[in-house]
Amino acid sequence: ALTIKSGDLPLSAAARALLGGDPGILECIVSGGDDYELLFAVPETQLPAFEGDCGLLQIAVTKLGVIEAGYGVSILTPGGVPIAPASTGFDHFRRS
């Protein structure tokens, strides 16, 4: 099961401004559009080495959440409240 902490998402200044003016826009931010970022799962014990190596290469990394046993994705508001977006974005594996 994946838990994402929305408060840790690296957002543009424009997205942060929108979110600051309307906290309800969080659902749109986490479920819509293209972001073109890479997502890695790194064991907690290896995180310092991963962050160090990325730092040497001048690659910014952000810890967004945790993966634990189980299934599903949970997205938490900055206050820790789960949200359930009405849309989960494009599904590359869904057959039309």
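Structure values in brief
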item: Filter result (closer than 18 Å to L2 by Cβ and either in contact (Cβ under 8 Å) with a residue 12 or more places away in the chain or more than 17 Å from the chain's Cα centre (by Cα) (or both)) within the stretch 81-96; result: I83, P85, S87, T88, G89, H92, F93
item: Some residue of the stretch 42-54 being touching a strand residue (DSSP E or B) at 6+ places or on another chain (Cβ under 6 Å) and among the hydroxyl-bearing types (S, T, Y); result: no
item: Residue list for the stretch 30-77, restricted to those being open to solvent by less than 90 Å² (accessible area, probe 1.4 Å) and either in a strand (DSSP E or B) or on the phi > 0 side of the Ramachandran plot (or both); result: G33, G65, V66, G70, G72, S74, I75, L76
item: Pairs where the first residue, in the stretch 48-70, is at pLDDT below 95 and the second is among the charged types (D, E, K, R), C-beta under 7 Å, 6+ apart; result: V61/E51; T62/D8; K63/D8; L64/K5; L64/D8; G65/K5
item: Number of the condition not met by E27 [criteria: (1) free of Cβ contacts under 8 Å to residues at least 12 places away in the same chain; (2) assigned to a helix (DSSP H, G or I)]; result: (1)
item: Residue in the stretch 15-22 that is within 20 Å of S74 (Cβ to Cβ), outside any helix (DSSP H, G or I) and not aromatic (F, W, Y) present; result: no
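The values are calculated or read from the model by the stated rules, or taken from the named source; none is laboratory data. These numbers come from a predicted model, not from an experiment. A quick note on method: Cβ atoms are made from the backbone with ideal geometry, for glycine too, and the neighbour counts reach across all protein chains shown. Quick note on the areas: whole protein, heavy atoms, side chains included, nothing else; ligands and nucleic acids left out. Shrake-Rupley method; radii C 1.70, N 1.55, O 1.52, S 1.80 Å.
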